[in-house]
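Following: one structure in structure tokens, then a few remarks.
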Amino acid sequence: MKQPIRAPAGVRIAPYFPIPELHIMKSTLLTVMTATLFASATWAEDMAPPDIETGRTLYFEVCASCHGSTGAGGAGPDLRPAAEAFDIDGFVFFIQNPPDSMPSFASALSEKEMRDIASFVASLAPM
Ligand code: HEC
């Protein structure tokens, strides 16, 4: 009688892929493509001009409790003098790395959101 072919006891047979390298390449390529697409979408978002209305909304949600609704200060300092000598990159850096008692917003806000807030704060500068 003919015996069916089977692996000896204890030997596992690997699942069959016609060309294993191709299989791996395909998934790597997909990952890289997805990552690139995602990165360029985020990049485009970061480079978009800041939106002052979004900035206003975010400012009232996360900053006004300490800096006041007019930016004149409270628990945190008056933002208007800084807004006058305005430097958007410095501002973003500051809220990512506040030196002292202000909480960092590096993980809570995207860079675009920080730029939106920056453009709103700039508008608080005394004329
Ligand atoms: C919990 C209170 C608190 C919150 C919330 C807060 N800040 Fe501050 N902020 C401070 C304090 C206190 C300082 C003074 C520097 C320090 O202690 O780190 C400061 C300093 C600053 C400065 C520097 C001002 C200067 O003239 O040197 C800027 C700009 C600023 N905050 C922006 C923001 C923005 C934008 C937000 C919202 C995303 C925010 N802060 C949220 C408390 C706060």
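The values are calculated or read from the model by the stated rules, or taken from the named source; none is laboratory data. Predicted model only: the values in this text are computed from it and were never measured. All Cβ positions, glycine included, derive from the backbone under ideal geometry; neighbour counts span all protein chains shown.
The rows are residues; the columns are (1) part of a helix (DSSP H, G or I); (2) more than 17 Å from residue 53 (Cα to Cα).
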{"position": "73", "(1), (2)": "no, yes"}
{"position": "76", "(1), (2)": "no, yes"}
{"position": "81", "(1), (2)": "yes, yes"}
{"position": "95", "(1), (2)": "yes, yes"}
{"position": "99", "(1), (2)": "no, yes"}
{"position": "105", "(1), (2)": "no, yes"}
{"position": "112", "(1), (2)": "yes, no"}
{"position": "121", "(1), (2)": "yes, no"}
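Yes or no: the stretch 7-28 includes at least one residue that is at pLDDT 70 or above, under 25 Å from residue 111 (Cα atoms) and surrounded by fewer than 11 Cβ atoms within 10 Å (Cβ to Cβ).
no
Taking only the stretch 74-96 into account, find how many residues are among the hydrophobic types (A, V, I, L, M, F, W, C), exposed (fewer than 14 other Cβ atoms within 10 Å of the Cβ) and more than 6 Å from the ligand (Cβ to nearest atom).
Residues in the stretch 74-96 being among the hydrophobic types (A, V, I, L, M, F, W, C), exposed (fewer than 14 other Cβ atoms within 10 Å of the Cβ) and more than 6 Å from the ligand (Cβ to nearest atom): 2 in total.
So the check is Cβ under 9 Å with 6+ separation or different chains; which pairs have a first residue in the stretch 77-92 that's within 23 Å of residue 108 (Cα to Cα) and a second one that's of a type in the set (D, E, K, R) and assigned to a helix (DSSP H, G or I)?
88/115; 91/115; 92/111; 92/115
Looking at the structure I just gave you, is residue 65 part of a loop (DSSP other than H, G, I, E, B) and either closer than 28 Å to residue 39 by Cβ or of a type outside the set (A, V, I, L, M) (or both)?
So residue 65 fails the test.
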